[in-house]
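To keep things clear, I will list the structure first and then write my remarks on it.
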Amino acid sequence: MKPAVLEVMRMNRVCRMVLVTSVGSFILVIFYFQSMLHPVMRRNPFGMDICCRKGSRSPLQELYNPTQLSNTAILHQIRRDQVTDTCRANSVSSRKRRVLTPNDLKHLVVDEDHEMIYCYVPKVACTNWKRVMMVLTGRGKYSDPMEIPANEAHVSSNLKTLNQYSIPEINHRLKNYMKFLFVREPFERLVSAYRNKFTQKYNTSFHKRYGTKIVRRQRKNATQEALRKGDDVKFEEFVAYLIDPHTQREEPFNEHWQTVYSLCHPCHIHYDLIGKYETLEEDSNYVLQLAGVGNYLKFPTYAKSTRTTDEMTTEFFQNISSLHQTQLYEVYKLDFLMFNYSVPSYLKLE
């Protein structure tokens with residue numbers, strides 16, 4: 001049985017498909033209530049109202065008013081509902097009110113031609129999605145995502161992000177463009193980040209900036225070489241660093257281990273589509289289908305032998321105390337709840 005089908009079956013709620021919906025996006029103290037009752041209308045340079053670029057249906061229309069009902073559309077409605085319900089429950093339990101600033105929008109990549117916004121989350125296939133976004137926004141400069149070098153995909157000037165627009169332009173795009181992101185089981189993503197940034201010898205910048213700090217704080221009787229290089233951080237030390245209140249007061253987490261909740265602000269920005277790493281190919285190609293490019297552009301697929309798996313994550317957590325496991329779960333709890341990931345069976349929570 002497909003993972004997406006299993007996910008629908010696991011949901012402990014009534015499954016419902018909403019074809020006409022009203023959503024709200026909150027940004028910079030401005031509220032928007034977007035109705036899908038009518039097609040998204042834009043003003044062209046000649047002053048005439050036109051529907052959907054080049055006479056076609058926009059991704060938002062394809063998503064909320066599909067020409068044919070499908071299990072995929074139902075699945076993504078369930079995922080949206082899960083996020084909404086979690087945000088509502090969290091707002092009740094928290095007295096903090098968060099107002100977004102343009103700086104909070106630096107992870108939201110804008111595709112003007114296809115009217116889409118993608119919030120990238122490191123360690124969730126973001127390199128390949130950035131490659132795809134370069135093809136979509138490159139006006140023919142690129143045709144094959146995998147021909148784009150990985151380092152070029154991460155050059156900030158190659159993609160335009162939402163924080164580069166004026167406030168009215170930001171709000172217009174949040175209201176009218178299809179917004180999507182991809183998520184991953186939080187602790188599997190965390191172990192993937194640790195393995196990539198602290199066990200690979202070439203990541204000297206991370207070793208210097210974070211490794212030396214972690215060793216200094218978390219390792220008793222550290223050698224001078226370890227304090228100088230920071231290239232041998234243990235996973236237990238990394239976890240202790242993450243749950244240390246001093247760490248969170250000092251500066252925001254690095255984007256590679258920051259929560260999706262803090263990177264993409266799903267309680268302030270209404271995401272129309274939430275893809276999952278566990279169903280990456282299926283969800284990615286659904287996005288491209290909605291954009292009207294699915295016939296000639298497919299999401300890159302290749303199996304990495306070094307990919308972090310659930311079994312590997314289990315092994316990394318074996319040496320983490322139950323107290324630290326509990327504290328770490330609290331840090332990432334909203335990501336677990338919001339995106340419907342169950343508490344891992346290997347955890348020993350207090």
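The values are calculated or read from the model by the stated rules, or taken from the named source; none is laboratory data. Remember, predicted model here, so these are calculated numbers, not experimental data. Cβ: placed from backbone, ideal geometry, glycine included. Neighbour counts: every protein chain shown. With ligands, DNA and RNA removed, areas are computed over all heavy atoms of the protein, side chains included. Shrake-Rupley method; radii C 1.70, N 1.55, O 1.52, S 1.80 Å.
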Legend entry - For region 59-339: rounded, prolate or oblate by the Cα gyration tensor [a/c cutoff 1.5]: prolate
Inset, instruction - With a 1.4 Å probe and every protein chain left in place, tell me how much accessible area Cys126 has, in Å² to the nearest 10. - result: 10 Å²
Legend entry - Proximal aspartates and glutamates relative to Lys197, as straight alpha-carbon distance under 13 Å, when same-chain residues fewer than 8 apart are discounted: Asp231, Asp232, Glu255
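Provide Glu112, Glu237 ordered by accessible surface of protein heavy atoms (probe 1.4 Å), highest first.
On the way: Glu112 60, Glu237 20 Å².
Order by accessible area, largest first: Glu112, Glu237.
Going from most exposed to least, what order do Asp111, Asp232 have by accessible area with a 1.4 Å probe? Could the numbers behind the result be given before it?
Working: Asp111 0, Asp232 65 Å².
I get Asp232, Asp111, largest accessible area first.
Which of the chymotrypsin sites (Phe, Trp or Tyr not before Pro) found in region 185-221 are in a DSSP loop and have at most 14 neighbouring Cβ atoms, other than their own, within 10 Å? Could the numbers behind the result be given before it?
Numbers: sites: Phe187, Tyr194, Phe198, Tyr202, Phe206, Tyr210; in loops: Tyr202.
Here the sparse-neighbourhood loop sites are Tyr202.
Of the chymotrypsin sites (Phe, Trp or Tyr not before Pro) in region 217-299, which ones lie in a loop per DSSP and count no more than 12 other C-beta atoms within 10 Å?
Numbers: sites: Phe235, Phe238, Tyr241, Phe253, Trp257, Tyr261, Tyr271, Tyr277, Tyr286, Tyr296; in loops: Phe253, Trp257, Tyr271, Tyr296.
For chymotrypsin sites (Phe, Trp or Tyr not before Pro) across region 217-299 that sit outside H, G, I, E and B with at most 12 neighbouring Cβ atoms in 10 Å, the list reads Tyr296.
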Inset, instruction - Kindly give the semi-axes, whole Å and largest first, of the ellipsoid equivalent to region 255-301, taking each as the square root of 5 times a Cα gyration tensor eigenvalue. - result: 24, 14, 8
Inset, instruction - Under 23 Å Cα to Cα from Lys141, which lysines show up? Leave out anything in the same chain fewer than 8 places away. - result: Lys54, Lys130, Lys160, Lys298
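By accessible area of protein heavy atoms, probe 1.4 Å, what ranking do Lys298, Lys123 get, highest first?
Details: Lys298 125, Lys123 50 Å².
Result of the area sort, largest leading: Lys298, Lys123.
Leaving out ligands, DNA and RNA, and with a 1.4 Å probe, what % of the accessible surface on region 59-339 is carbon or sulfur?
Values: 6100 of 12850 Å².
The C+S portion of the solvent-accessible surface of region 59-339 is 47 percent.
Could the peptides 163-173, 141-151 be put in order, highest first, of the mean number of other beta-carbon atoms found within 10 Å of their residues?
Packing order, densest peptide first, comes out as 163-173, 141-151.
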